[in-house]
Amino acid sequence: MVIVSIMIYNDSGLLAYEARFERCELNCDLITGFVTAINQFGCELFPNNELCDILFSNTHMLIEPRDVDGQKVTFLVIHETFEDQDQILQIIDKLHDEVKKKYADVITAKVINHSKLEPLNTFIVDLFKKLGRPENPFACSAD
């Protein structure tokens, strides 16, 4: 059971924050663009639905849109398919609370200052320790 990545992006698909744990070859901008495009396409076909999950054979993408200061912000967690969904949602809940409390102005800005979101790294490390997560957060460098 492994979380591969956590991403936060705005309604237009602009990546605000990413935390990688396993697969360094991820292109997070491509992933958020893909998920945003699929969601927009799906909303055109099924207007009363919203994309919640994308399931591949070994990888699950949990897509959780949340409100931050009146704007839609999406929390995307990529993980192995047999991961405990309740714990993934618990991680999203805690991360969402932290973002709303301390980083709402950064996340919802037209131009995102990624350096102001760096303290989320420490928050995630501490959260993973509390939850006994096996991942080694931030062992994988960004592109």
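Bear in mind these aren't lab numbers, they're just calculated from the coordinates by the rules spelled out. Small disclaimer: the values here were computed from a predicted structure and weren't measured. Here Cβ is always computed from backbone atoms with ideal geometry, including for glycine, and neighbour counts include all displayed protein chains.
Estimate the FRET efficiency between GLU98 and ASN136 by the formula 1/(1 + (r/R0)^6), using the beta-carbon distance for r and 25 Å for R0, to the nearest 0.05. Working from the Cβ atoms, E equals 0.75. Between ASP84 and SER115, what FRET efficiency follows from the Cβ-Cβ distance if R0 is 30 Å, with the result rounded to 0.05? It comes to 0.40.
You can think of it this way: the chain between LYS129 and ASP69 has 18.7 nm of extra reach, that is 0.36 nm per residue less the Cα-Cα gap.
For the chain, take N as its residue count and report Rg(C-alpha) divided by 2.2 N^0.38 Å. Intermediate results must be reported in sequence, preceding the final value.
Working: Rg = 14.4 Å, N = 143, 2.2 N^0.38 = 14.5 Å.
The value comes to 0.99.
Please list 11-20, 32-41 highest first by mean number of surrounding beta-carbon atoms within 10 Å per residue. List each step's numbers first, then the result.
Numbers: 11-20: 18.9, 32-41: 16.0.
Ranking the peptides 11-20, 32-41 by packing returns 11-20, 32-41.
Between ILE38 and LEU14, the modelled labels are 2.4 nm apart [label points 7 Å from Cα along Cα→Cβ]. Rounded to the nearest whole Hz, the Karplus-based 3J(HN,Hα) values (6.51 cos²θ - 1.76 cosθ + 1.60, θ = phi - 60°) of the stretch 98-111 follow the sequence 5, 5, 4, 6, 10, 10, 4, 5, 6, 5, 8, 5, 5, 10, with x at glycine and proline. Counting only residues at least eight positions apart within a chain, or on another chain, the lysines with an alpha carbon under 28 Å from that of LYS129 are LYS94, LYS100, LYS101, LYS102, LYS116.
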